[in-house]
Amino acid sequence: MLKLNSVKVSYGAIEAVKGVSLEVREGEVVTIIGANGAGKSTLLKSIAGLEPIQAGQVLIGGQDCTLVPSHKRVGLGVAMSPEGRGVFADQTVRENLLLGAYTRRGNAGAIEAAIEREFTRFPRLRERQNQLSGTLSGGEQQMLAIARALMSEPKLLLLDEPSLGLAPLVIKDIFAAIRQLRQSGLTILLVEQMARQALGVADRAYVLETGCITLEGSGKALLNDPKVKAAYLGSH
Ligand code: ATP
């Protein structure tokens, strides 16, 4: 589904991603954990086509997409829920969802069905469909960001720190939604600082440190890895 070969991304002199190779197979949930500034968001953006890469290759569904612009990657089945949610604050919930379906313009029936599906998945969004998105709670905005990404019917969902800034109970809801998406067979690449929850939901995981992959394994193996425990799981 997704393959990165030695991907490098720089911001001027700063090399944020230093030759990362990884793979996400169909139906897998793969997690990337790492500290602040490790390059996680940059890596996701390079997969979505939002950040150009200086070297390496991005293969989506076996096709070399290194030079393919982001809107065309949506057409190839890649959608991203960005860090900080990125909902359009001055637009209603429904309008945000419609924006997520921009690649499907002209297919009103299918778009309405997709909205209905997301309202069933996140009933709070149905209740608040005419509310301005900027007035939603943080958790509701995160649900909206995920629902908006799902409006394009992606094959691969990129989730950038969906737990960021949310209360523990709301984080639980978000991870429950991720588990449901996984059960429905969706392929997910999840970037998280909440390492315990993220590894718990992951088939496989990578640890990213200052732009390099330093460890990889099953979610379970990394949960039990002493280095991961010491650096990312705290004492409990
Ligand atoms: P966080 O969890 O804090 O979001 P991250 O692992 O997602 O961190 P990135 O946001 O990818 O890390 O940042 C990686 C490095 O690249 C950091 O040193 C950051 O300062 C730098 N960086 C990110 N975006 C830019 C930018 N637009 N211009 C310059 N440097 C940037």
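Every read-out reported here was derived from the displayed coordinates using simple, explicitly stated rules and does not represent laboratory data. Source: prediction; values computed, not measured. We place every Cβ from the backbone using ideal geometry, glycine too, and count neighbours over all the protein chains shown.
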List the number of the failed condition for R179; all other conditions in (1) surrounded by 16 or more Cβ atoms within 10 Å (Cβ to Cβ); (2) under 15 Å from the mean Cα position of the chain (by Cα) hold.
-> (1)
Within segment 193-221, restricting attention to residues that are in contact (Cβ under 8 Å) with a residue 40 or more places away in the chain and more than 15 Å from V20 (Cβ to Cβ), which residue is nearest to the ligand (Cβ to nearest atom)?
-> Q193
Requiring at least 1 residues that are more than 12 Å from the ligand (Cβ to nearest atom) and within 14 Å of the chain's Cα centre (by Cα), the helices (runs of 4 or more DSSP H) wholly within segment 1-112 are 40-48, 70-75
Pick out, from segment 139-236, the strands (runs of 3 or more DSSP E) lying fully within it that include 2 or more residues that are among the β-branched types (V, I, T).
-> 187-192, 212-218
